[in-house]
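These notes are about the structure you will find just below.
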Amino acid sequence: MLPIQRKSAIIEHLANEGGCTIKQLSQVLKVSEMTVRRDLKQLESSGNVILSHGGAILAPDYVKEPQATDKESRNKDVKERLSAYAVKHFVHEGDVLVLEGGTTVARMAAYLHPFSQLTVLTNGLSTLNSLRERAGRHVVLSCGGTLREQSGTFVGPVAESFFEQFHADKVFLSGLGFTSDTGFTDPNLLDTRVKQAMVRSARQTIMLLDSSKFGARSFTTTVMATEVSAVITDSGVPADIADYFNRHNIPLHIV
């Protein structure tokens, strides 16, 4: 297991258990307590965990990955507005689009009916199923790879290499958190690496994020704010976050 994979496993275990001792983590991961202690020190430095006597807990602002059913139901109305706005203002006939597998971006598929000449790439089962009825009107391409049950997405080297071979106009992404220091973050390294391959394939990166995600952080950085072309969110965005985007000339669309 690579160090980054081990740290991801530590985060996941802490999220599930609420807190663990170094000895428990050592037994679960089958590594020495010294290795666990070193990993926890690094996770503490990045703000993901808080060390306690002989163990650790997740930092208060850390956001763990919700269950798929919870993702579908959270802030549903806001997600609908964001996805509809993204299609109306950023999608044009003939575009090559990359839609990631998250619930917010997957909703964009339902608003693509006015178009007939799009090429859409995705790694998400939900996104793919939403596009199925329109497959005759668009070119729809899905990557292979390892299917993650938690996110309903294909991940791994096969998925990453799939996106790296294409040249897209725009990629639409979401995330579980954003801070000015960490950028847009997600809880799973495998999903993050696929998203990063998507970003490298596209000329523009459009972020869809409901305002509850601002000020929160998750395990890995997908993309920094200065690397995105626009951010679409709702009116609950904190003033300091809006000011950050404005100062860095990042277009902020409030829906």
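The values are calculated or read from the model by the stated rules, or taken from the named source; none is laboratory data. Keep in mind the model is a prediction, meaning the values are calculated, not measured. Positions of Cβ are backbone-derived with ideal geometry, glycine not excepted, and every protein chain shown enters the neighbour counts.
If only residues of the range 115-142 that are under 23 Å from K76 (Cβ atoms) and surrounded by fewer than 16 Cβ atoms within 10 Å (Cβ to Cβ) are counted, the one that is farthest from the chain's Cα centre (by Cα) is E133.
Consider the range 195-228 and keep the residues that are more than 22 Å from Y85 (Cα to Cα) and touching a helix residue (DSSP H, G or I) at 6+ places or on another chain (Cβ under 6 Å). The one that is surrounded by the fewest Cβ atoms within 10 Å (Cβ to Cβ) is S201.
Mind checking whether some residue in the range 40-50 is within 17 Å of the chain's Cα centre (by Cα), modelled with pLDDT under 90 and surrounded by 14 or more Cβ atoms within 10 Å (Cβ to Cβ)? Scanning the range 40-50 turns up at least one residue that is within 17 Å of the chain's Cα centre (by Cα), modelled with pLDDT under 90 and surrounded by 14 or more Cβ atoms within 10 Å (Cβ to Cβ). Per this entry, T192 is counted among residues that are among the hydroxyl-bearing types (S, T, Y), in a helix (DSSP H, G or I) and surrounded by 16 or more Cβ atoms within 10 Å (Cβ to Cβ).
On the stretch given as the range 229-255, residues that are buried (at least 17 other Cβ atoms within 10 Å of the Cβ) and charged (D, E, K, R) total 1. Does G102 satisfy the criteria of being touching a residue at least 24 places away in the same chain (Cβ under 8 Å) and buried (at least 23 other Cβ atoms within 10 Å of the Cβ)? Considered against the rule, which asks whether it is touching a residue at least 24 places away in the same chain (Cβ under 8 Å) and buried (at least 23 other Cβ atoms within 10 Å of the Cβ), G102 comes out as yes. Is at least one residue of the range 167-174 surrounded by fewer than 19 Cβ atoms within 10 Å (Cβ to Cβ), of a type outside the set (S, T, Y) and in contact with a Lys or Arg (Cβ under 7 Å, 6 or more places away or on another chain)? Looking for residues that are surrounded by fewer than 19 Cβ atoms within 10 Å (Cβ to Cβ), of a type outside the set (S, T, Y) and in contact with a Lys or Arg (Cβ under 7 Å, 6 or more places away or on another chain), one finds at least one in the range 167-174, hence yes. Strands (runs of 3 or more DSSP E) fully within the range 199-244 that include at least 3 residues being under 14 Å from the mean Cα position of the chain (by Cα) and not hydrophobic (A, V, I, L, M, F, W, C): 220-223.
Checking every residue in the range 202-211 against the condition of being over 17 Å from V98 (Cα atoms) and assigned by TED's automatic domain parsing to the domain that holds G94 gives at least one match.
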